[in-house]
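Have a look at the structure below before the remarks.
Derivation of every value follows stated rules applied to the coordinates shown; laboratory data play no part. Here the structure is a predicted model, which is why all the values come from computation and not from measurement. Because the Cβ atoms are built from the backbone with ideal geometry, glycine has one as well, and the counts that use them run over all protein chains shown.
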Amino acid sequence: MKIKSIYVLLTCILLNISVVADEKTLENNTELSFYTGMFDFSDDGKKSSLIGFQHQNENLNRDIFLGNISPITGAMITADNATYFYTGVQAQYKIGVLNFTPSFTPGYYNEGDGKDLGHALEFKSEIQLSLELPKDSQLGFSYNHLSNASLGDKNPGANSYMFNFFKKF
């Protein structure tokens, strides 16, 4: 099942990256985010450190009535080998040098040696604040909640926080 999920994630990333555009249009339109933090910090028995990455292709941004939205794809792994592969959408609101970015991403969760969240399909709701830096970079802090929306027999959920570094290429 893990191999199948990795193929799904790689396919989503490739589809997100492969936009037909000339070189000038592609300049600085791919953003990668690397993050680290604490998975399920509110559960003393199952909390664990985590690392992850996220990709956003700004060529796919759209301005709608809710603001500027774009697709995102990413993955994380905890120190207990729990993994989460996801793809979804985020909105971005700029307030000077600050960015407020809520997102929603369904994805595949595998508990590894970590917390059993009750189902393979989990939904991540996240809010993020970041500060613009020189050289197309940002530093940020985010909070998210994973839940299976009661699809499984149990739905304990997991609350996590992360420190983020973003770089546009």
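The table that follows gives values for the structure above.
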quantity	calculated
Inter-label distance, nm, simple model (7 Å from Cα along the C-beta direction), ASN29/ALA120	3.5 nm
Global form of the stretch 95-167, assessed from the alpha-carbon gyration tensor, a/c cut-off 1.5	prolate
Residue-span extension gain [ASN68 to LYS168] - 0.36 nm each, minus C-alpha spacing	34.3 nm
